[in-house]
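To start, the structure under review is shown below, and the notes come after it.
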């Protein structure tokens, strides 16, 4: 028997959230509901996250996304309107943010320590870059300019002013995702 993790993720409006629910846990499919994609993080993964703060906290479980208790005490499930009806401008409820405790703050340098470091390759002539797999490779040269893209990797060369060599920077999207998933599962 293969168990798969129930994930949800939302990216946009200057924020992103990722939630993974243990399939062995009670109601995993309800906690990681996939039918409320138009109402974003505030309703699908309510939290007290602060801008530019990296922290790991213990927390209570959230309410199931879309399920709320109205002022009259009745439990209701929100029905997301069809996309053809336009932008959602009002909501009948505000999502309850679950309580958190035992928060530990981290510096971004310790969170992203596993990412590849920039390397510098001296060169006095035109330079190009090639990449395979996932990631971004950028090469800066004082004499040439070109760009190419293959699969999910991107490579580019730009003209630099007053440089005698090329600077090569590689950022691995796979390593970044590994750090994000590690932070989620370690919390």
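The values are calculated or read from the model by the stated rules, or taken from the named source; none is laboratory data. Remember, predicted model here, so these are calculated numbers, not experimental data. Reconstructed Cβ throughout: ideal geometry from the backbone, glycine too, with neighbour counts over all protein chains shown.
Miscellaneous remarks
- Qualifying residue in region 51-58 (condition: at pLDDT 95 or above, within 30 Å of residue 35 (Cα to Cα) and surrounded by 14 or more Cβ atoms within 10 Å (Cβ to Cβ)): no
- Selected residue (criterion: farthest from residue 16 (Cα to Cα)) from residues of region 67-91 that are assigned to a loop (DSSP other than H, G, I, E, B) and touching a strand residue (DSSP E or B) at 6+ places or on another chain (Cβ under 9 Å): 70
- Residue list for region 20-53, filter: in a strand (DSSP E or B) and touching a residue at least 40 places away in the same chain (Cβ under 8 Å): 20
- Leading residue by the ranking (modelled with the highest pLDDT) among those in region 13-28 that are closer than 19 Å to residue 96 by Cα and surrounded by fewer than 14 Cβ atoms within 10 Å (Cβ to Cβ): 27
- Total residues in region 80-99, condition surrounded by 10 or more Cβ atoms within 10 Å (Cβ to Cβ) and over 29 Å from residue 50 (Cα atoms): 2
- In region 100-117, the residues that are part of a loop (DSSP other than H, G, I, E, B), out of contact with any helix residue (DSSP H, G or I) (no Cβ under 7 Å at 6 or more places or on another chain) and either surrounded by 10 or more Cβ atoms within 10 Å (Cβ to Cβ) or modelled with pLDDT of 95 or more (or both): 113
- Checked against the criterion of being under 20 Å from the mean Cα position of the chain (by Cα) and in a strand (DSSP E or B), region 59-66 has at least one qualifying residue.
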